[in-house]
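Below: the structure, in structure tokens.
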Amino acid sequence: MKKIVLFALLVTSTVTLAQELKQVPQITVSGEGKIKVVPDQAVITVSVENIGKEASEVKKSNDKTIDAVIKAIKKRGIPTADYQTQQVSLHKNYDYTTKKYNYRAYQTISIHLKDMSKYEALMVDLVDSGINAIQGVEFKSSKIEALESEARQKAILNAKKKALDFTGALGQKVGKALFITDNSQTHYPQPIYREVMMTKMADAGVPNETLAVGEIVISANVTVSFELN
């Protein structure tokens, strides 16, 4: 009797497992959503470098310039939370040309500029303060979370449209979504590298325009599996 019951349970389990493993007819498509927006913020990275014979000498020179840079940033009303030192180094180098050692002090500061109207004036102040280079400008948007949400919704709708295109040609219908995979990665444009160069306009009444903001693209990518009916 026990053997019969065990056999019955085994058969039932096998049938149940087979039903669970039964493949549901489905279609898998990818979807993409893009939102273009004019950036309203920028992250500016500048650097200061000094080279000399004595470590204390180059460090003092660097510190003096960095002090001027920070004062220039504060002058434009940028909160202390929006600028930060990214890299500091002081090391000994060997100059193979002169066959002598020297010291190099280097420091970078990243500034999160949330008011783009201050860009031109800030750049002039930074150059006047003694920076050696503008390492890059990275554009951002203050509405990034809302834009990413909108892009994700567009990606899902794009995926469903593709599924409808395929199934319509086959005379079938799209059912519920079975699986959704988010493949999105937030990408901002690569930093714009430029030489440190500020020129005065012939007409003092015309402000300099040295920044082409353009647009940034917020994108989302998804993979969706829909049931086929």
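With the simple model of a label 7 Å out from the Cα in the direction of the Cβ, Lys64 to Ile180 spans 6.0 nm.
Compared with the alpha-carbon gap, the fully stretched path from Asp128 to Lys100 is longer by 6.9 nm at 0.36 nm per residue. Dividing the mean sequence gap of close Cα pairs (under 8 Å, 6+ apart) by how many residues the stretch 60-168 holds gives a relative contact order of 26 percent. Ignoring lysines fewer than eight residues from Lys114 along the same chain, the ones with Cα atoms less than 27 angstrom from its Cα are Lys34, Lys36, Lys64, Lys71, Lys74, Lys75, Lys140, Lys143, Lys200.
Working from the alpha-carbon coordinates of the stretch 76-147, get Rg over Rh, Rh being the Kirkwood radius.
1.13
7 Å from Cα along Cα→Cβ at both Gln23 and Val217: what's the point-to-point distance in nm? So the label points at Gln23 and Val217 sit 3.5 nm apart. Phi-derived couplings, Karplus 6.51 cos²θ - 1.76 cosθ + 1.60 at θ = phi - 60°, listed residue by residue for the stretch 132-139: 8, 7, 9, 6, x, 10, 10, 7 Hz, with x used for Gly and Pro. FRET efficiency for the Gln172 to Asp40 pair, using the beta carbon distance and R₀ = 45 Å, is estimated at 0.50.
Read-outs throughout are calculated quantities, based only on the coordinates presented, and are distinct from any laboratory measurement. Since the model is a prediction, treat every value here as computed from it, not as a measurement. With ideal geometry, Cβ positions are generated from the backbone for all residues, glycine too; neighbour counts draw on all protein chains shown.
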